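Trainee: Handing you a structure now.
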Amino acid sequence: MNKPYTYDDLIEAYSTVGVRRGATVILRTDLLRLGPYEKRDRNSILEAHFNALSELIDLKQGTLVVPTASLSLCNTDIPYDPDNTPSETGLLTEYIRRKPEAVRSFHPFVSYTAIGKNADYICKDVSRHAFGPETPEARVVELDGLCVCLGKDIRNMALIHHVEHVMGVPYRYTKEYMHPISINGEVSIQPFYRHVWYEHCGLKRDGVRKIVEELKKRGTSILKAPIGKGFVYSVGARNFYDECTKILAKDIYIWLRVLPTSRPYQK
């Protein structure tokens with residue numbers, strides 16, 4: 001039976017996968033897979049992870065970024081309030097979003113929150129698109145950030161969707177959403193964009209398995225360290241992006257399990 005993990009375990013594991021002073025770290029989490037922490041109350045667990053990351057990164061020198069998406073708002077009339085709409089991507093991301101120094105990007109469905117040296121650069125004045133140029137994912141790549149997956153492996157990284165956008169995968173198209181936005185109590189309707197699937201094409205996800213296999217063949221460094229009952233993984237954002245663009249250039253459908261059964265985009 002695994003013993004509860006400790007704060008020292010967090011420091012060791014995060015250090016092993018490359019979290020260091022001055023780094024830009026983009027974090028995805030599934031805390032349940034790690035099992036119990038030495039202190040059982042929720043706030044102590046969240047505080048421990050945040051403090052360990054902050055200690056290693058030194059937020060005066062580096063930056064911590066988390067996804068704070070609110071996809072349940074999509075296709076609804078519920079206003080998005082960047083200051084108050086909760087994150088739907090895990091307890092730790094919501095804990096970080098609520099920090100007074102946190103900066104959140106402006107997208108009602110696919111937002112990111114950052115704390116630290118480059119928080120403003122990563123999350124302010126961004127594109128209205130979920131992915132693509134001038135989005136938080138693009139800026140993390142530009143800053144040579146480190147993608148860290150806690151309790152998840154790198155197949156769960158959203159960076160692959162940024163690559164899909166940039167490479168113009170044919171099974172997705174750009175959809176415009178006119179969505180209500182609440183700023184200081186005033187609501188306005190504003191346009192935002194997502195790269196969505198064509199319907200009725202028989203699309204099935206591969207779970208990024210083939211892409212990860214190809215990355216390993218190419219020698220991409222994917223680090224792994226144990227924490228409690230689970231693991232933490234990391235990969236360099238720029239290396240992942242560069243290699244995945246090459247992979248999709250050779251096989252534009254590699255993200256899919258099988259080829260589309262129909263292609264409405266075909267002329």
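Trainee: Considering only residues of the stretch 214-244 that are assigned to a helix (DSSP H, G or I) and among the hydrophobic types (A, V, I, L, M, F, W, C), which is nearest to V163 (Cα to Cα)?
Mentor: Step by step, filter the stretch 214-244, then rank; the result is C244.
Trainee: Consider only pairs whose beta carbons are under 7 Å apart and that are at least six residues apart or on different chains; among these, list those whose first residue lies in the stretch 53-74 and is among the basic types (K, R) and whose second residue is modelled with pLDDT of 95 or more.
Mentor: From residues that are among the basic types (K, R), the pairs are K60/K117.
Trainee: Within the stretch 169-178, track down each residue that is surrounded by fewer than 16 Cβ atoms within 10 Å (Cβ to Cβ) and either free of Cβ contacts under 8 Å to residues at least 12 places away in the same chain or assigned to a strand (DSSP E or B) (or both).
Mentor: Across the stretch 169-178, the qualifying residues are Y173, T174, K175, E176, M178.
Listed here are the residues, each with its yes/no results for (1) touching a strand residue (DSSP E or B) at 6+ places or on another chain (Cβ under 7 Å); (2) under 30 Å from I181 (Cβ atoms); (3) among the hydroxyl-bearing types (S, T, Y).
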{"position": "P4", "(1), (2), (3)": "yes, no, no"}
{"position": "E12", "(1), (2), (3)": "no, no, no"}
{"position": "R28", "(1), (2), (3)": "yes, yes, no"}
{"position": "Y37", "(1), (2), (3)": "yes, no, yes"}
{"position": "A52", "(1), (2), (3)": "no, no, no"}
{"position": "D58", "(1), (2), (3)": "no, no, no"}
{"position": "T63", "(1), (2), (3)": "yes, yes, yes"}
{"position": "P67", "(1), (2), (3)": "yes, yes, no"}
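Trainee: Another question, then. How many residues, within the stretch 18-34, are more than 15 Å from S54 (Cα to Cα) and either in contact with a Pro (Cβ under 7 Å, 6 or more places away or on another chain) or surrounded by 19 or more Cβ atoms within 10 Å (Cβ to Cβ) (or both)?
Mentor: 4
Trainee: Something else now. Given the options I252, I181, I247, name the one that is in contact (Cβ under 8 Å) with a residue 12 or more places away in the chain and part of a loop (DSSP other than H, G, I, E, B).
Mentor: Among I252, I181, I247, only I252 is in contact (Cβ under 8 Å) with a residue 12 or more places away in the chain and part of a loop (DSSP other than H, G, I, E, B).
Trainee: Ok, one more. Report yes if some residue within the stretch 109-127 is within 18 Å of S72 (Cα to Cα), β-branched (V, I, T) and not in a helix (DSSP H, G or I); otherwise report no.
Mentor: yes
Trainee: Can you name the residue in the stretch 117-155 that is of a type in the set (K, R) and touching a helix residue (DSSP H, G or I) at 6+ places or on another chain (Cβ under 8 Å) and is also surrounded by the fewest Cβ atoms within 10 Å (Cβ to Cβ) among such residues?
Mentor: R155
Trainee: Next question, about the same structure. Does the stretch 72-108 hold any residues that are in a loop (DSSP other than H, G, I, E, B), out of contact with any helix residue (DSSP H, G or I) (no Cβ under 8 Å at 6 or more places or on another chain) and crowded, with 21+ Cβ neighbours inside 10 Å, and which are they?
Mentor: T89, H107
Trainee: A follow-up question, please. Assuming G236 fulfils every condition listed in (1) exposed (fewer than 15 other Cβ atoms within 10 Å of the Cβ); (2) closer than 30 Å to L31 by Cβ apart from one, which condition is it?
Mentor: So G236 meets the others, but not (1).
The values are calculated or read from the model by the stated rules, or taken from the named source; none is laboratory data. The model shown is predicted, which means the values in this text are computed figures rather than measured ones. Reconstructed Cβ throughout: ideal geometry from the backbone, glycine too, with neighbour counts over all protein chains shown.
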